[in-house]
1. Compare the peptides 71-79, 17-25 by average per-residue count of other Cβ atoms within 10 angstrom and give them in order, highest first.
2. Just to confirm my numbers, what's the Cα centroid distance between the stretch 132-177 and the stretch 50-88 in Å?
3. Using the number of other C-beta atoms within 10 angstrom as an exposure proxy, rank C67, C99 with the fewest first.
Amino acid sequence: MAMGPFYDPLPVADEPTIRLLQPTDSLEELTALLHRAYKRLADMGFNYTATNQSVEKTRERVEDNECFVAIADGRIVGTGLLIPHQLDTPAWANQPGRCYAGQLAVDPDYRHKGLGATLMGRIVDRARELGFNEIGGDTSEGADYLIRFYTGMGWQIVGHHQWPGKSYRSVILAKQL
């Protein structure tokens, strides 16, 4: 699997373990990770939900979805969601056979080591296991480095969407499974 231009393997001793979020995992810790990981985007002026979401919002976002976490040194250092149910918006997602990925986050200390690509690979593999034929996601059209990250893994821009209350327009990216 091509890892894209940001892949720099972690040393084996530091390799995080990726698994599904467990009831014993701290949603406070997960929320704090999201805030740290999305700070760069907040500093760029993008008001992603994860930049300042509450623990309750984290709970809502993981509740009906499959939340993957990367654990290293006993703490959560990465996360990503598989949203396996049909969404009303964006319009691209409101089609049979399609699922969505979201809230991908990597602790700043673990960036540029392939963890984001590994997390997304796990989400894509799970979507295939569930029988989906396409997966989508979105990011700000101004977040060039994230668009390069996804397109470097074979995702294609398939549309745009304006989420209510957001300071940016999103690009919708998708990958055939």
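1. Highest mean packing first, the order is 71-79, 17-25.
2. Computed from Cα coordinates, the inter-centre distance equals 18 Å.
3. In order of increasing Cβ crowding within 10 Å: C67, C99.
Readers should treat all values here as calculations from the given coordinates under stated rules, not as data from a laboratory. Nothing here was measured: the structure is a model prediction, and the numbers come from that model. Using ideal geometry, Cβ is built from the backbone for each residue, glycine included, and neighbour counts are taken over all protein chains shown.
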